[in-house]
Amino acid sequence: ASGIHGMRLTICSVLMIFQVLPEVTSQFSFVEEDRSKAALIVLDTMEAFNDIACQEACVKNNLCQAISYASSKCVLLGEEHPDKLCSEVVTVSAKRPTPSTATTTTLATTTSTSVAP
């Protein structure tokens with residue numbers, strides 16, 4: 001589990017808007033998705049030049065199910081945390097198999113994190 005000084009980081013999402021982002025590979029697209037206030041486990045954080053670089057990092061990580069990208073900060077997100085719910089809103093982009101007829105739009109991503117013991 002990722003963490004800071006033994007603490008687990010989680011990221012939350014409560015909005016639902018479907019937008020397909022530019023494809024990273026022919027296998028995956030990234031879609032803004034509702035997680036119903038479920039906390040997502042943070043797999044890794046890194047600097048990324050843009051959201052496409054963040055998406056590429058997620059595609060390379062089999063555990064990555066979504067990303068959050070803002071101001072060159074890329075957060076790779078995994079499964080829902082089984083014991084945590086969040087009160088703050090954050091927009092995440094979920095990794096999904098590429099649909100055969102995808103529409104491409106741009107997306108501004110915001111990030112909010114919480115630290116739990």
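Nothing in this text is a laboratory measurement; each read-out follows from the coordinates by a stated rule. Keep in mind that this is a model prediction, so the values were computed, not measured. Methodologically, a virtual Cβ is constructed for each residue, glycine included, from the backbone with ideal geometry; neighbour enumeration extends over all protein chains shown.
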What's the FRET efficiency of Thr98 with Ile52 using the Cβ-Cβ distance as r and R₀ = 25 Å, to the nearest 0.05?
0.95
What order do you get for Glu47, Glu80 when you list them from fewest to most C-beta neighbours inside 10 Å?
Glu47, Glu80
